[in-house]
Amino acid sequence: MPAIGRDEVARLAGLARIELSEEELTRFAGEFDAIMDAVHSVAEVARQDIEPTSHPIPMTNVFREDVVTETLSQEDALAGAPQAIEGRFGVPQILGEE
């Protein structure tokens, strides 16, 4: 008998507002059991002396110094724009607003 039965799957589906057929209820009950078995086997391996990690290989972030440099002028930024209106990029209207 599954540890998570059809009744529990039906209750969870109801909470999630998901409509399931009788066949899906039976199938998902078995799939939840397989998932719970996998979680249980991982929990058996977990030990207090092993530090939790998010990656198997240590990762190092690469940072650069934040230096203020020269930026584009408004004219330079708009120079390649297909359309500029009042110093801004012109884009097609999409919402029907005036």
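Nothing in this text is a laboratory measurement; each read-out follows from the coordinates by a stated rule. The model shown is predicted, which means the values in this text are computed figures rather than measured ones. Using ideal geometry, Cβ is built from the backbone for each residue, glycine included, and neighbour counts are taken over all protein chains shown.
Counting every other Cβ atom within 10 Å of each residue's Cβ, ARG27, ARG11 order from fewest to most as ARG11, ARG27.
Quick one: THR26, THR53, fewest Cβ neighbours within 10 Å first, how do they rank? Walk me through the numbers before you get to the answer.
Values: THR26 15, THR53 9.
Lowest to highest Cβ neighbour count: THR53, THR26.
Per-residue ellipticity at 222 nm computed for the chain from its helices equals -12500 deg cm²/dmol, with DSSP H segments shorter than 4 residues left out and the rest contributing -39,500 (n - 2.57). Whole-percent P(r), the chain, all Cα pairs, 5 Å bins from 0: 2, 9, 9, 8, 6, 6, 7, 7, 7, 8, 10, 13, 8, 1, 0.
For a footprinting-style exposure proxy, rank HIS55, HIS40 by other Cβ within 10 Å, fewest first.
Values: HIS55 6, HIS40 10.
So the residues, fewest neighbours to most, are HIS55, HIS40.
Compared with the dominant principal axis of the Cα atoms in the chain, helix 6-15 is inclined by about 30°. Note on LEU15 and ILE94: the model spin-label points, each 7 Å out from Cα along the C-beta direction, lie 3.7 nm apart.
Calculate, in nm to one decimal, what LEU72 and GLU24 gain on full extension: separation in residues at 0.36 nm each, minus their alpha carbon distance.
11.4 nm
For the chain, chymotrypsin sites (Phe, Trp or Tyr not before Pro) meeting the loop criterion (DSSP other than H, G, I, E, B) and having at most 15 other Cβ atoms within 10 Å: PHE63.
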